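Encoded as structure tokens, the structure appears first; notes follow it.
The values are calculated or read from the model by the stated rules, or taken from the named source; none is laboratory data. Just so it is clear, the structure is predicted and the values come from calculations on it, not from any experiment. With ideal geometry, Cβ positions are generated from the backbone for all residues, glycine too; neighbour counts draw on all protein chains shown.
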Amino acid sequence: MKLIKYFIQFLIISIFFILFKVLGLRMASNFSKIIFSLLGPFFRSKQTINKNILKALPNLSNSEINKISRTMWGNYGRILSEYMFLSEFRFRNNIEIKGQQILDELKESNEQVIFVSGHFNNFELMAMQIEKSGINLAAIYRPLNNKFLNYFMEKIRKKYICKNQIKKGSSGTRQLLSLFKKGSSIALMIDQRVSEGILSKFFKNEALTTTIPAQFVKKFRCKVVPIYIERIKDIDFRLTVHAPINFSEDETIDTITLKLNSLLERMILQNPGQWIWSHNRWK
């Protein structure tokens, strides 16, 4: 039964992808934003989104919550359409970069680091830009439940975003370790709930959080480089590469993880509508 459901979903999304390709990047992004802004609030995840926003920002009014939710859904729609144009993003200059010199220095020094971020706007473009800068990179991703769609997404991710795509999980962690030892830096999102993580405060509420960055810091004394992306207008973005963080030796797995969660909070607060609130973060 699930396979039939997934296949139907795949067919519907494939039709949208064909339509997006016909419309072109800018028109497809604008069109998909409108569709998702209108339909998003009717999805089952509406309750999760509102609950998450209130957990993080408890003093917001209903109108403010709805505004963040609508903005998020609009960005979600844009992201979906933009998967059809990753090749264009790979070769066009519509991403303003603050901190390119940091990436250039990492490339020149061949220093391995852990890039951390969250699901901000078109998050796929972050790993793409890091690899475009000449840095050997491995990126962690969570496979989609829909096997038909996941096959397609994996293919375009490896072709246009980052060739080393590592599935989330224990086997993926071992693969990351092997690639890191061979000279590859790592990029991962730290904002999703992970069953193998630890409980760490996130917006004053405990949330299961990945410890992969902290484990690599403790084992290899490597630096952590926070990275953030925001949509400036339509299909134009600004990507910010922050200065590398060198944690002291007396830091523990718990304290490093907590500090990275605090860093993620500050990124979200810059523009809450840019973050994807639909993940069941505090389940």
Practice task
Give the residues of the stretch 263-283 that are touching a Lys or Arg at 6+ places or on another chain (Cβ under 8 Å) and within 22 Å of T211 (Cα to Cα), sorted by residue number.
Solution key: H279, N280, R281, W282, K283
Completion exercise
Checked the stretch 158-172 for anything in contact with a Leu (Cβ under 8 Å, 6 or more places away or on another chain), outside any loop (DSSP other than H, G, I, E, B) and under 15 Å from M126 (Cβ atoms); matches are Y160, I161, N164
Handout entry: Residue within the stretch 107-119 that is of a type in the set (G, A, S) and assigned to a strand (DSSP E or B) present
Key = yes
Problem - K218 vs. criteria modelled with pLDDT of 95 or more, among the basic types (K, R) and either surrounded by 22 or more Cβ atoms within 10 Å (Cβ to Cβ) or out of contact with any Gly (no Cβ under 8 Å at 6 or more places or on another chain) (or both) - result: yes
Practice task
Go through the stretch 82-106 and give me each residue that's surrounded by fewer than 15 Cβ atoms within 10 Å (Cβ to Cβ) and assigned to a helix (DSSP H, G or I).
Solution key: S87, E88, F91, Q100, Q101, D104, E105
Exercise for the section: For residues that are closer than 17 Å to N136 by Cβ and among the small types (G, A, S), scanning just the stretch 153-183, find the one that is surrounded by the most Cβ atoms within 10 Å (Cβ to Cβ). Expected result: S178
Handout entry: Selection count, the stretch 226-255, where residues are over 20 Å from the mean Cα position of the chain (by Cα) and either assigned to a strand (DSSP E or B) or of a type in the set (A, V, I, L, M) (or both)
Key = 1
Practice task
May I ask you to verify whether A127 is in a strand (DSSP E or B) and touching a residue at least 24 places away in the same chain (Cβ under 8 Å)?
Solution key: no
Exercise for the section: Hey, can you tell me all the residues within the stretch 192-225 that are among the aliphatic types (A, V, I, L, M), out of contact with any helix residue (DSSP H, G or I) (no Cβ under 6 Å at 6 or more places or on another chain) and assigned to a strand (DSSP E or B)? Expected result: I198, L199, A207, L208, V225
Exercise for the section: Would you be able to tell me the number of residues in the stretch 123-156 that are closer than 19 Å to G77 by Cα and β-branched (V, I, T)? Expected result: 1
Practice task
Would you confirm whether any residue within the stretch 25-41 is closer than 17 Å to N280 by Cα and surrounded by 12 or more Cβ atoms within 10 Å (Cβ to Cβ)?
Solution key: yes
Problem - Tally, over the stretch 184-215, of residues that are surrounded by 14 or more Cβ atoms within 10 Å (Cβ to Cβ) and of a type in the set (D, E, K, R) - result: 3
Fill in the blank from the handout: Over the stretch 139-160, the set of residues farther than 23 Å from M1 by Cα and either touching a Phe, Trp or Tyr at 6+ places or on another chain (Cβ under 9 Å) or small (G, A, S) (or both) is A139, E154, I156, R157, Y160
Practice task
Just give me the residues in the stretch 137-152 being touching a residue at least 40 places away in the same chain (Cβ under 8 Å), out of contact with any helix residue (DSSP H, G or I) (no Cβ under 6 Å at 6 or more places or on another chain) and either surrounded by 19 or more Cβ atoms within 10 Å (Cβ to Cβ) or of a type in the set (K, R) (or both), in sequence order.
Solution key: I140, R142, K147
